[in-house]
Every structure is written in C-alpha cells, then in structure tokens.
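The values are calculated or read from the model by the stated rules, or taken from the named source; none is laboratory data. This is a predicted model, so every value here is computed, not measured. Quick reminder, even Gly has a Cβ in these numbers, built from the backbone with ideal geometry, and neighbours come from all protein chains shown.
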C-alpha cells in the first residue's frame, strides 16, 4: 500500500480563543487522514499553511501518516524507532557504566511500547514484552553467540520491530504525549517517583540529541519549560531516614546474633555506619585494604567499587561491575578512618572466617561478592524485628544506604570540618552541603540559643 498521496485538502485557519491568548490551528487532510498543527501566532500559522499549499500546487506527494510532503522528510522516514533505539544503545554501550546502560534500557523500554502502532497480541504477556526489550534488545545478550536469544523472546522482538513506527512518528504530538505519560507512570498505573521522571527526561533528551546529530530528526520533539514540568526532586536527605545510636546498636546486635553468618553481616553494616562507605565500596573491600591495629584507630584504603547492576549490562557478564571510585580518576584511592570499636569487630570477623590478605572482607556464602539482595534482606528483617510498628511506617532506616547518611550527618554535627568529611566520604563539598543541609543540627542549636539569650535580655513590657 502506497504511504503517500496527491489527494490533499486544506481548511481555513481556526482561531482558538484562550484566556492567556488566542492560538491558531492549521488543518488539512491527506487521503482520508486528518492532520492539524497549532501555533501561537496567526502569521506563523498562515506561513506554514502557505508552504504546505505551495508543495501541493507543485504536485509533491504527501506522507499519509505524517501529513507532510515526502520531500520534507529526512532519514526519519527510512528508519523505524526500534532499529534506531538499538543503534543508539549499541553506540552508548562501550563508554557507559553498567548502571548507565541499565537506566537507558529502562527508559527505552516504555518508550518503545508507547510508540507501537498496534496493541500487543493477547498471548504476549506484558511482563515478558518488557523483559524481552529491557534484557535482550537493550543489553549485550542480543549479541552473545554462546547464549542465543530464546525463541519466545525473539518472536516478541520480531513483532515489536514490525510494529514500530518510523522516526517520523516523533513529529506527531499525540505520539510524544504517549511517551511522556509512559515515562512518568509506573507499571501499576501510579505516578513514578520524581527522581525517576527526571532521570528518564535526561536520558530521552540525550537520545533526541543523537537523533538530531545523525539527521533522523530535525528538532527535539520532547516538551520543554512550562509544557514539561515534572515534580521537583529533593536534593537533601530526608532527616526522617536517619537512625539514632540506640536504634543502630539494637539492630546490629540482633543481626550479630543470627546463626551462621550473623557476625559477618553485623560487621558489614557497622562499616557503613561507622566509616560511611557506600555499599558497593564495602562489598569490594579486601582484608589487605584495612589497617587494623590491636589498639586505637585503623584505616581503610578504598580504591574500588563493585555496584550490582546485572550480568546483561556488564562487559564481564558478571552481576557486579568493577568500577573506580565515584567521582575520582581511575586508580585513585581514598583513606577512611576506622574507629576502635569497628576495628575490633573486623578483627573478630577475619579471625572467625580465617580470611587472608587477598580475601574479600565480607565474602558471600560461596566465597564470591556479597549480593545486594542478601544484605538488603537481612537489613529488612532486622528493621522489622527491632523497630516498633509505628517506626516501621516511617522512612527511618528504610534503605541500607541510610547507614551512610547517618554516619556523614554524625560527622558533620560533631564539628568535623566539611572538607575532611567530603574527603572521607568521597563527595565534593558542594554535594555534601546540598545533600545534608537539612540534617545538620549544630548551627541551628547555636542560633536558637542565641535567640533565646537575646529574648531574655529584652526589657519587660509595662
């Protein structure tokens, strides 16, 4: 079936009266398909209508789906969205971290589904469609000769490719709106977290920039400014997430009393709480990275992180990805002090598990890297057992990462110079201030005391 036609009909410009100013809509029809585009100024609308009519007078065929002269089309009409998305993902792969690859796949998946020209067949389970896209189309599994794509997955991907529209689909406002909604909505239909929406917006704008540079699109179709106002994302840590000393002690004691590996898990969580390490830094520690004297303070020499991203997004096809320290150059190190209480805990674990200098300080059950799913499950059980029902309904200690937040806040509130805290934590001073601005109590206490003293000095009213 021919996708273009010479059968074009134009209609008068419509004026749309609005409280904030009139808008003007150009309407036309190609074959039996209606098209329209609205402009804020009449002169612009009239000029665009004149260009369309001029092309029609020259007997230029119009694209039925898009409604524009085929001569106006760039490479957008020649490539479908699915092929382009795969091309973009493959281009990003070599220089992107595992987590970056994962977040790109998470953004491209709902975008691809939102742009489909037909509803997915009833025998395709929605979960399997998403999994096929996220874990095969947008991952290194697609090109793994040793593990070919399963037949069921390949069937889904073939159908998606056949039903993906050309890149010209981005020129239609309704398609862009579908994508915006998809990127702002969770699977259960609820609104996505503001941080997720912000991340998806950033990723898709980079995708659009690539499309423009390679002549697939002429301009970025995604809404900007007032047309796209996602919820604001709080930069500061929620103070309610922080744990007090007594609560941490109870949780660590409960974890340490668990049979088999309780003491090792206690040591792991104590390292996050007392030394402020990120979980991906702690799991990568080797015994030789820690100086643990019999008395006094020790020191970690942190030089590596092993974030858990999934085998389909790593070059090694391992679940964890070996990375340099966050925000630092390759091979850089970061010294972190170890308080005497934590030194004793770590020495006990090394002795109990007979760990050598080259061994992981917190090994998994089979000797490999400690899995995030494991330590998160242990922490969730401890929180459920130790916290009251009321406390469990609050954000207090809800994430393992809250132990690091508590540590850094504690350092700042005890008067440790921010530059020193930033060095130990592996943050810039600017990030440190913006992240923990609402958690620092020392300055507030001093201000309130000064105000109280000033009030006491005020003369009494007659």
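Okay, here's what the table says:
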| read-out | value |
| --- | --- |
| Selected residue [within 16 Å of the chain's Cα centre (by Cα) and in contact (Cβ under 8 Å) with a residue 12 or more places away in the chain] from 203, 156 | 203 |
| Filter result for the condition that a residue is assigned by TED's automatic domain parsing to the domain that holds residue 260 and within 20 Å of residue 290 (Cβ to Cβ), over 339, 366, 317, 377 | 339 |
| Evaluation of residue 343 against (1) at pLDDT 95 or above; (2) surrounded by fewer than 19 Cβ atoms within 10 Å (Cβ to Cβ); (3) more than 24 Å from the chain's Cα centre (by Cα) (one fails), failing number | (2) |
| Scope the range 290-306; condition closer than 17 Å to residue 425 by Cβ and buried (at least 16 other Cβ atoms within 10 Å of the Cβ); matching residues | 299, 300, 302, 303, 304, 305 |
| Residue 191 being more than 30 Å from residue 35 (Cβ to Cβ) and touching a strand residue (DSSP E or B) at 6+ places or on another chain (Cβ under 7 Å) | yes |
| Selection from the range 252-277 of residues that are closer than 14 Å to residue 362 by Cα and touching a residue at least 12 places away in the same chain (Cβ under 8 Å) | 261, 263, 264, 265, 266, 267, 268, 269, 270, 271, 272, 277 |
| Residue match in the range 123-130 (condition: under 23 Å from residue 204 (Cβ atoms), surrounded by 17 or more Cβ atoms within 10 Å (Cβ to Cβ) and not assigned by TED's automatic domain parsing to the domain that holds residue 316) | yes |
| Residue ranges of helices (runs of 4 or more DSSP H) in the range 335-444 with at least 2 members within 23 Å of residue 239 (Cα to Cα) and either touching a helix residue (DSSP H, G or I) at 6+ places or on another chain (Cβ under 7 Å) or free of Cβ contacts under 8 Å to residues at least 12 places away in the same chain (or both) | 372-386, 389-392, 402-413, 418-425, 429-436 |
| Residue 153 vs. criteria under 20 Å from residue 66 (Cβ atoms) and in a helix (DSSP H, G or I) | no |
| Filtered residues of the range 240-255 (kept if exposed (fewer than 15 other Cβ atoms within 10 Å of the Cβ) and touching a helix residue (DSSP H, G or I) at 6+ places or on another chain (Cβ under 9 Å)) | 244, 245, 253 |
| Test set (1) in the same structural domain as residue 380 (by TED's automatic domain parsing); (2) over 17 Å from residue 326 (Cβ atoms); (3) modelled with pLDDT under 85 - residue 458 fails condition number | (1) |
